[in-house]
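Here the structure is laid out as structure tokens; the discussion comes afterwards.
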Amino acid sequence: MKLKIVEEDPWLEAYKEEIYQRWVRFQLAKEELVNVAGSLSAFASGHEYFGMNFDAHRHGWVYREWAPEADGLFLIGEFNGWDRSSHPLEKDQWGVWEIFLPFESYKERIVHEGLIKVHVQGGGTSRDRIPAYIRRVVQDDVNKDFSGQLWFPDLPFEWTDHDFFPAYQKEGPLIYECHVGMGQEEEAVGTYLEFADKILPRIKRLGYNAIQLMAVMEHPYYGSFGYHVSNFFCPSSRFGTPEALKYLVNKAHNLGLAVIMDVVHSHAVQNVSEGLNEFDGSDHHYFHAGPRGYHEVWDSKLFDYGKWEVKRFLLSNLKYWLEEFHFDGFRFDGVTSMLYFHHGLITFDHFEKYFHKDVDWDAIIYLQLANALIHEVKSGAISIAEEVSGMPGLCRDPEEGGVGFDYRMAMGIPDFYIKTLKEKQDEEWDILEFWKELSDRRYREKTIAYAESHDQALVGDKSIAFWLMDKEMYFHMQVEDENIIIDRGIALHKLFRLFTSSLGGEGYLNFMGNEFGHPEWIDFPREGNNWSYQYARRQWSLAEDPKLKYRFLENWDKAMVHMLKKHQILPSSFAEQLHADPKNKILMYQRGGLIFAISFNPQDSIPDYKFRAPLMGKYRLILNSDDGEFGGFGRIDGEMTYFTDQNQMLSIYMTNRTALVFDRID
């Protein structure tokens, strides 16, 4: 049997059996779960069985934990004075431990906001642990210890987003990547409520149709950016309560913004006190045993995706965030690390590296199940893979030979820009190389393009604005201050963004603040900076100050995003190259009925520059990076009408370091 991705790509013919087996394994794995639970969604309801849940039929609370190699479990907390022996759990044949607490006996003690843990004896150790399925953890201000917290407020949150429809389904995803804690200008940890009330309206005005929230799942170290997760079902308490997060999501939906969660199922924090590591006393409970269970680069633990209860835990986690908090989908972190035993730490220079011995089939099966579940639980939900290897079929349905993601991140684009800025003078840039890097992606596998994300803004790296303008940003960003370095930087910053968004994919992403060239890197509070929040914030006032040039970049970003939406550029088919002029570093291409003309020429502006239009007729200029409102020099008359000649040629004034967008007038 030959699946679609093989039919469409002759280079995959040699691997058709491996691709077919990818589909077979998924079918068998899904069938196994469905036969037991009735549906994939029913299987992914572990959070309703494990942890602390109220059983209406038995009229009391039931606490359950999967810990097959533990010798004993004891529920402890404020309800019993932290007595490590008074409330033992009983173990069944499957390694599931349980205790029942009758309502009448415990109604005054099992209360909202009560602190709990579970004392686990196993592997020669006795430790107080945080329940695996706990829905909230809090940290003691004095001793810094984390504890589970019972969370069942008297009144449920009142959602008002019932009529919300994700605009990305029609417009393509225009994603604003953001971090709640560093989303405010004050030198402090921002909250869900502050972000909802202060930042969401700003994102709406910019025109984006989705936000991607980082660091939602609880993590003990703030500076990990949320990527060393300890408690998978807990919205981080450092930003507020679960209801505050629901308020944020609800408000985003009421503003027309979808909310995508940055989910980390690729690894987990190795902490024993806060996380899942050695939970039942063994080193192979949720994770692989020995070296295979440890990621040396990330200093974290690696899940064993082949285990039944690990699949239940992670799949239930996805369903929980979709249903309980109304998230609209996920951006899966570290997918490359999941797919391969070597975690992607090699060069992918041959197709066989996608299919043979180094591929972790258990991880692929899990990702196939995860994507199937997401779309089963919530119609219209989106799944995005952070994946750098380029595995064929990653964004195709399993029935076609794929893994099931909707989109993949175009991780090579920011790397290309940074490499170009670091290693080449402007005069050495090859526009054909630019075209290839931005347009080279797999057929029918949709991509989220971005010029830079949070990765490029972290301390130790530099944002594009910093690469372009560096220290000059501190001294020459006043509107009246002329500076050739700033002029170059502003011009190229705009070009990179339009080139990326219009050519690089079927979606576009920007990290918060980068749209206006935020001048600071990101450095979370740590010992090395005296626990300062100076660089763990966003200075929105820079873009709001009419005396500074940052507003020009924000104006451009806003105009660009609205153009992409109005003309449905992202859902359009691949761009068609109309004209390439390597000598003058000029590219022309068509997408979504518009003509994009971009000059990377560092110095030459060319009058009467001619190129062949795709259709005869008259054209108008709808976006011009050289306009004064975008920090340009106003060299081009924006009111002109452009007519094709008898040879279907258009003549324009192609100024240097300029991006122009033309629309045909009917």
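Looking across region 9-39, the residues that are charged (D, E, K, R) and farther than 16 Å from R396 by Cβ come down to E13, E17, K30, E31, E32.
Scanning region 4-41 for residues that are of a type in the set (D, E) and either open to solvent by 90 Å² or more (accessible area, probe 1.4 Å) or free of Cβ contacts under 8 Å to residues at least 60 places away in the same chain (or both) turns up E7, E13, E17, E31, E32. In region 157-178, the residues that are farther than 13 Å from G256 by Cα form Cβ pairs under 7 Å with partners that are assigned to a loop (DSSP other than H, G, I, E, B) and open to solvent by 30 Å² or more (accessible area, probe 1.4 Å), at six or more places apart or across chains, as follows: W159/H326; G172/P571. Determine whether region 513-520 contains at least one residue that is open to solvent by 10 Å² or more (accessible area, probe 1.4 Å) and modelled with pLDDT under 95. Yes, there is a match, as at least one residue in region 513-520 is open to solvent by 10 Å² or more (accessible area, probe 1.4 Å) and modelled with pLDDT under 95.
Note on region 576-608: residues that are under 17 Å from S651 (Cβ atoms) and either open to solvent by 20 Å² or more (accessible area, probe 1.4 Å) or at pLDDT below 95 (or both) total 9. For first residues located in region 267-292 and within 23 Å of L367 (Cβ to Cβ), partners that are β-branched (V, I, T) and at pLDDT 95 or above and lie 6+ apart or on another chain with Cβ distances below 6 Å form the pairs A268/V229; G275/V269; Y286/V310. Mind checking which residues of region 521-546 are open to solvent by 40 Å² or more (accessible area, probe 1.4 Å), out of contact with any strand residue (DSSP E or B) (no Cβ under 7 Å at 6 or more places or on another chain) and among the hydroxyl-bearing types (S, T, Y)? Answer for region 521-546, where residues must be open to solvent by 40 Å² or more (accessible area, probe 1.4 Å), out of contact with any strand residue (DSSP E or B) (no Cβ under 7 Å at 6 or more places or on another chain) and among the hydroxyl-bearing types (S, T, Y): Y533, S541.
Taken across region 443-451, residues that are open to solvent by 20 Å² or more (accessible area, probe 1.4 Å), within 30 Å of K4 (Cβ to Cβ) and at pLDDT below 95 do occur, with at least one present. Is it the case, given these coordinates, that I19 is hydrophobic (A, V, I, L, M, F, W, C) and in a strand (DSSP E or B)? It is false that I19 is hydrophobic (A, V, I, L, M, F, W, C) and in a strand (DSSP E or B). Filtered by the rule that a residue be in contact with a strand residue (DSSP E or B) (Cβ under 6 Å, 6 or more places away or on another chain) and either part of a loop (DSSP other than H, G, I, E, B) or open to solvent by 40 Å² or more (accessible area, probe 1.4 Å) (or both), region 616-641 gives G617, K618, R620, I622, S625, D626, I636, G638, T641. The residue pairs whose first member lies in region 542-570 and is over 19 Å from A465 (Cβ atoms) and of a type in the set (S, T, Y), whose second member is assigned to a loop (DSSP other than H, G, I, E, B) and open to solvent by less than 40 Å² (accessible area, probe 1.4 Å), and whose beta carbons are closer than 8 Å, counting only pairs six or more residues apart or on different chains, do not exist in this structure. Is it the case that region 646-665 has a residue that's out of contact with any strand residue (DSSP E or B) (no Cβ under 6 Å at 6 or more places or on another chain), in contact (Cβ under 8 Å) with a residue 12 or more places away in the chain, closer than 25 Å to T447 by Cα and not small (G, A, S)? Scanning region 646-665, I find no residue that is out of contact with any strand residue (DSSP E or B) (no Cβ under 6 Å at 6 or more places or on another chain), in contact (Cβ under 8 Å) with a residue 12 or more places away in the chain, closer than 25 Å to T447 by Cα and not small (G, A, S), so the answer is no. Would a scan of region 552-572 turn up a residue that is farther than 26 Å from V259 by Cα and either open to solvent by less than 10 Å² (accessible area, probe 1.4 Å) or in contact with a helix residue (DSSP H, G or I) (Cβ under 8 Å, 6 or more places away or on another chain) (or both)? Yes, because at least one residue in region 552-572 is farther than 26 Å from V259 by Cα and either open to solvent by less than 10 Å² (accessible area, probe 1.4 Å) or in contact with a helix residue (DSSP H, G or I) (Cβ under 8 Å, 6 or more places away or on another chain) (or both).
Return the residues of region 283-301 that are part of a loop (DSSP other than H, G, I, E, B) and open to solvent by less than 10 Å² (accessible area, probe 1.4 Å); say none if nothing qualifies. Once the filter is applied, which keeps residues that are part of a loop (DSSP other than H, G, I, E, B) and open to solvent by less than 10 Å² (accessible area, probe 1.4 Å), region 283-301 yields H285, Y286.
Sort out for me the strands (runs of 3 or more DSSP E) sitting completely within region 118-179 that have 3 or more residues that are crowded, with 17+ Cβ neighbours inside 10 Å and modelled with pLDDT of 95 or more.
Once the strands (runs of 3 or more DSSP E) in region 118-179 are filtered for at least 3 residues that are crowded, with 17+ Cβ neighbours inside 10 Å and modelled with pLDDT of 95 or more, what remains is 146-149, 174-179.
Take W467 and decide whether it is in a helix (DSSP H, G or I), in contact with a strand residue (DSSP E or B) (Cβ under 8 Å, 6 or more places away or on another chain) and surrounded by fewer than 20 Cβ atoms within 10 Å (Cβ to Cβ). No: the conditions fail for W467.
For region 180-226, a residue qualifies if it is out of contact with any Lys or Arg (no Cβ under 7 Å at 6 or more places or on another chain) and part of a strand (DSSP E or B), and the qualifying residues are A210, I211, L213, M214, M217, E218. Looking across region 332-389, the residues that are surrounded by 16 or more Cβ atoms within 10 Å (Cβ to Cβ), of a type outside the set (D, E) and part of a loop (DSSP other than H, G, I, E, B) come down to G334, H343, G344, F355, K378, A381, V388, S389. Within region 642-666, restricting attention to residues that are closer than 21 Å to R497 by Cα and open to solvent by 20 Å² or more (accessible area, probe 1.4 Å), the residue that is nearest to the chain's Cα centre (by Cα) is R657.
To keep it simple, each residue is scored yes or no on (1) touching a Phe, Trp or Tyr at 6+ places or on another chain (Cβ under 8 Å); (2) under 20 Å from K558 (Cβ atoms).
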| residue | (1), (2) |
| --- | --- |
| V479 | no, yes |
| D487 | no, no |
| E506 | yes, no |
| M512 | yes, yes |
| W521 | yes, no |
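Of everything in region 254-266 that is open to solvent by 10 Å² or more (accessible area, probe 1.4 Å) and part of a loop (DSSP other than H, G, I, E, B), the residue that is nearest to D360 (Cα to Cα) is G256.
The values are calculated or read from the model by the stated rules, or taken from the named source; none is laboratory data. Keep in mind that what you see is a predicted model, and the values were worked out from it rather than measured. Quick reminder, even Gly has a Cβ in these numbers, built from the backbone with ideal geometry, and neighbours come from all protein chains shown. We work out accessible area using only protein heavy atoms, side chains counted, and drop any ligands, DNA or RNA first. Shrake-Rupley method; radii C 1.70, N 1.55, O 1.52, S 1.80 Å.
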